[in-house]
Amino acid sequence: MQSKAWLVARHEFAVTIGRLGFRIFAAAVPVLALLALIGIGVFDAVRGGDEASPDERQPAAEAARVGYADLSVGEDGQPLFASFREQDGVAFVPYPDEERGSAALQAGEVDALYVFPRDFLETGLLVRMRMEDSNGGAGNDELRRFVLSNLVAGEVSEQQLQRVISPYTVAPVELSASGEPVEEDDFDSAEFLFSFGAGMLLLVSVLTAAGYLLQGLSEEKENRIMEVLLSSLKPEQLMFGKLLGLGAAGLLQMAVWTAALVAFLLALGRIVDLPVELSAPSVGTLGVALAYFLLGYAFLGTVQAALGVVTTNLKEANNIAVFVVLPAVSPMWFLTVLIEHPDSVLARVLSYVPFTAPLTGLIRFGAGGTGLGEVALNLGVLAAFAALAVLLTARLFRAYLLMYGQRPGVRHILRTLWSG
Amino acid sequence: MSTIPATLPTVHADGLFKRFGSTVAVRNVSLSVNPGEVVGLVGPNGSGKTTTIRMLLDILRPDEGSVSLFGAPVSPRAQSRIGYLPEERGLYRSLRVIPNMLYLAELKGMRREDALVRADDLFALLGLEPHKGKKISELSRGLGQLVQFAATILHGPDFIVLDEPFSGLDPVNVRVMKDAVSRLRGEGAAIMFSTHQMTDVEELCDRVIMIDRGTVVLDGPLVDIKRWFAGNDLFVATDVDPQGADGVLESRRDGAGYALRLAEGRAPEDVLRSLLERGAKIDRFELATPSLEEIFLRVVQRDRMEEARDAE
């Protein structure tokens, strides 16, 4: 029995990965990632290091030298920019007039020249000069700090000066119902990104594989090969073989996508400054993602197989499959809640509903809302539902595989599910 | 092809019943097919032939009765010795010929390497060599049919069920397939052959089983059945119209002579005597053997009449 199911699995796997559609779909993510990487790389090169990579930026900033010619006059009749010439590693080099500053700029002694005119205090207007095709100069933050520091020099304390430059930073505190501050969970952005990404890939892979299962079953019923197959093996062997083979194809697709995305993000991190620090997902996270994939596929794929058996053709099967696909993607509608309140009642409930459990479970796990104990419980419940789905679908396989051109009534299906 | 004791039928069904809801598709069907025998399974559409075949192949379980294959209840091992060509062809249209055949052969327990060797032999036998690299969707209906036939016998089955095997084939390929069937019979395979083409049954089958409304209404060697149904018919080549002769119920022109139906209880000698008394010159006088098609129609009509009578 096992060997025949294995033969079916091998056949289904080979046929599925041989499909042009499967290959295009599987290659789409790596190709898009590569194109995106090339695009970003070209864009970065054109910008010429204005937004240099993190590795390159520090040495460049240390070497930055900008000149300024201070022609301004303060209320006390003195020049405004006499102090604070070192700001965040940018050296502001004074020149007595525009001509000498300009000569230094042309000589390459400075990257840019800022000219503060006589009426700067009244107008706030300053002139930046730099060589053609050059993007040198101080950044906005550095220039702002230089100007502010000089304008209030001697008027305020150093601390007040810091507050003028950077007035405040909000530190959020949430209180529980009892008035106690709620401790923030340790939110690991990289883990969340991986879990969320894995959840999306899982869903697409599972639904793709389940779609192929549905398509294959419908075709076999429509072209009557089912009858030949059933003269060689049992319906259960056919079902297990199909689930196994198409699950393996789905897993392969997910592995290709995951590898492509991880490679993309790692390469991206070397080109641009990412908002989160990337690190390889932990073995635990990988294990949880794999478990959700396998059990999610076992459940959703089996339900799709059941639809393939009780419908008369692929079109009808696809129409009814919406009732599986929609619940499976429905956790996306509650994404904000799942991320911000992964421990909420809604999140917990969705984790136990077999249709929504795979995606919800991975999002919550990534958001740090579930411990391993709860994950294990969720997976256990999902496994139980998957086993039940396999048992019931096997009954449908036995009853309806040879029913061509007519759909059994709902009452008849329920009776078959109940009594076998 | 393995051997089984000659005394044991390859397949034996005993008292099969199958119901679908309130409809009884098959009622109390018993039959057997022996090694080296070609049995024709005939019957009108919806008579229960396909359901019977499915039960013999263990695709469907009977509600009552039993099936034994090779002298034992149906088992996966026994299933691997069956070759089945269903009425509506089933192959993977997007796959090429060889992968299709190898997959089906492997499901029958054949090693891939052995299947490849045997497939080459069959391609040569059936004239399929130029097409073995093509996809099924690229083949004509007839060629697809031949490929399916090749897939059916690739693993060297001992029990072969062919459901309408010649439909869609041109005369050349019909001959190729008939020769292959005869060869398989010679090798000892038991063959059940379901068709509506009575001429094919007459040509190929040793025995005929007729099913009507789920029941076996005829089962026996073809020659015996023909003899049985020949009792009331005569063929006479004569220069006098036999209509009105003693014992003739009905007379109609048939080529160079007349086909006569005898009245109930009358013998051919009565007719011969009457014709001679009328001075007729007689060139041929023989019992007419009805074609299988005529027998089929007669049985079905008789059944329908009995059904109508029962309904009244």
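The values are calculated or read from the model by the stated rules, or taken from the named source; none is laboratory data. Predicted model, so just to flag it, every value in this text is computed and none were measured. Cβ sites come from the backbone with ideal geometry, for glycine too, and all protein chains shown count toward neighbours. The protein model used for the area step is the full one, side chains on, heavy atoms only, and it has no ligands, DNA or RNA in it. Shrake-Rupley method; radii C 1.70, N 1.55, O 1.52, S 1.80 Å.
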Checklist entry - Any idea which of A:GLY373, A:VAL206, A:SER134 is furthest toward the positive side of the dipole for the protein assembly as shown, if Lys and Arg beta-carbons carry +1 and Asp and Glu beta-carbons -1? => result A:VAL206
Checklist entry - Across bins of 10 angstrom width beginning at 0, how are the C-alpha pair distances of segment B:91-164 distributed, in whole percent? => result 21, 57, 21, 0
Next on the checklist: Given the DSSP H assignment, sum -39500 (n - 2.57) over each helix run of at least 4 residues in chain A and divide by its residue total; what's the result at 222 nm in deg cm²/dmol, nearest 500?
Outcome noted: -21500 deg cm²/dmol
Next on the checklist: Treating segment B:242-312 as a set of equal point scatterers at the Cα positions, no solvent, please give the Debye-formula log₁₀ I(q)/I(0) at q = 0.23, 0.27 Å⁻¹.
Outcome noted: -1.06, -1.25
Checklist entry - Quick one: helix B:112-126 against the long Cα principal axis of chain B, what's the angle to the nearest 10°, folded into 0 to 90? => result 40 degrees
Checklist entry - What full-extension length gain, to one decimal in nm, is calculated for B:SER167 and B:ASP121 as 0.36 nm per residue of separation minus the Cα-Cα distance? => result 14.2 nm
Checklist entry - To the nearest 100 Å², how much accessible surface do chains A and B hide from each other in total, with a 1.4 Å probe? => result 2100 Å²
Checklist entry - How large is log10 I(q)/I(0) at q = 0.14, 0.15, 0.16 Å⁻¹ when the Debye formula is applied to the Cα atoms of chain B, each weighted equally and without solvent? => result -1.06, -1.15, -1.25
Checklist entry - About its Cα centre, how strong a charge dipole does chain B have in debye, to the nearest 20, once Lys and Arg get +1 and Asp and Glu get -1 at the Cβ? => result 1140 debye
Item to check | Percent breakdown of C-alpha pair distances by 20 Å bin, ordered from the shortest bin, for the protein assembly as shown | outcome: 13, 29, 23, 15, 10, 6, 2, 1, 0
Item to check | From phi via Karplus (6.51, -1.76, 1.60), per-residue ³J(HN,Hα) for segment A:224-232 in Hz, x at Gly/Pro | outcome: 6, 5, 3, 5, 5, 4, 6, 7, 10
Item to check | Count of lysine pairs in chain A with Cα separation under 17 Å (8 or more residues apart, or interchain) | outcome: 6
Item to check | Most fluctuating residue given options A:LEU402, A:LEU379, A:LEU161, as computed from a GNM of chain A linking Cα atoms under 10 Å | outcome: A:LEU161
Item to check | Whole-Hz ³J(HN,Hα) from phi, Karplus 6.51 cos²θ - 1.76 cosθ + 1.60, for segment B:258-273, glycine and proline x | outcome: 10, 9, 10, 10, 7, 6, 4, x, 9, 10, x, 4, 4, 5, 4, 4
Checklist outcome for this item: Between A:LEU391 and A:ARG100, the two model label points (7 Å from Cα along the beta-carbon direction) sit apart by a distance in nm of 9.3 nm
Checklist entry - Ordered by packing density, taken as the mean number of other Cβ atoms within 10 Å over each peptide's residues, highest first, how do B:28-36, B:77-85 rank? => result B:77-85, B:28-36
Checklist outcome for this item: Partner shielding of B:96-106, as the mean number of partner chain Cβ atoms within 10 Å, equals 3
Item to check | Residue order for B:PHE296, A:PHE334, A:PHE92 - accessible surface, 1.4 angstrom probe, largest first | outcome: A:PHE334, B:PHE296, A:PHE92
Next on the checklist: Can you give me the % of accessible surface on chain B that is carbon or sulfur? Probe 1.4 Å, all protein chains present, nothing else counted.
Outcome noted: 49 percent
Checklist outcome for this item: Residues of segment A:202-244 that bury at least 50 Å² of accessible area, probe 1.4 Å, when all protein chains are present rather than the chain alone, are A:ASN223, A:ARG224, A:ILE225, A:GLU227, A:VAL228, A:SER231, A:SER232, A:LYS234
Checklist outcome for this item: Output for segment B:254-293: GluC sites (Glu not before Pro) sitting in coil per DSSP, at most 15 other Cβ within 10 Å, listed by number, reads B:GLU264
Next on the checklist: Give me log10 I(q)/I(0) at q = 0.14, 0.21 Å⁻¹ for segment A:304-420, Debye formula, one equal scatterer per alpha-carbon, no solvent.
Outcome noted: -0.68, -1.05
Item to check | Helical segments meeting 30 Å axial Cα length and Kyte-Doolittle -0.5 threshold in chain A (DSSP H) | outcome: A:20-47, A:189-222, A:235-271, A:283-310, A:372-400
Checklist outcome for this item: Here FRET efficiency (C-beta to C-beta, A:ASN313 to B:ALA256, R₀ 60 Å, nearest 0.05) is 0.60
Item to check | Charge dipole (segment B:1-129, unit charges on Cβ, about Cα centre) - positive-most of B:PRO9, B:ALA124, B:SER66 | outcome: B:SER66
Checklist entry - Roughly what angle does helix B:141-153 make with the longest principal axis of chain B, taking Cα atoms, 0 to 90 degrees, to the nearest 10? => result 70 degrees
Next on the checklist: Accessible area per residue for the protein assembly as shown in Å², computed with a 1.4 Å probe and the full protein assembly in place, what is it?
Outcome noted: 50 Å²
Next on the checklist: Using a Cα-Cα cut-off of under 14 Å, which aspartates and glutamates could be cross-linked to B:LYS281, ignoring same-chain neighbours fewer than 8 residues away?
Outcome noted: B:ASP239, B:ASP241
Item to check | Fraction of accessible area attributable to carbon and sulfur, segment A:204-302 (%, probe 1.4 Å) | outcome: 72 percent
Checklist entry - In debye to the nearest 20, how big a dipole does segment A:261-420 give about its Cα centre with +1 on each Lys and Arg Cβ and -1 on each Asp and Glu Cβ? => result 840 debye
Checklist outcome for this item: The long-range amide H neighbours of B:TYR84, using H built 1.01 Å from N in the peptide plane and a cut-off of under 5 Å, are B:VAL161
Item to check | Shape box of segment B:175-312 [Cα atoms, principal axes, largest first, Å] | outcome: 55, 45, 20
Item to check | Cα Rg, Dmax, segment B:171-218, angstrom units | outcome: 12.3, 35
Checklist outcome for this item: With 0.36 nm assigned to each residue of separation and the Cα-Cα distance removed, B:SER75 to B:ASP283 gains 68.9 nm
Checklist entry - In Å, what is the Rg of the alpha-carbon atoms in segment A:199-240, and how long is Dmax? => result 13.0, 40
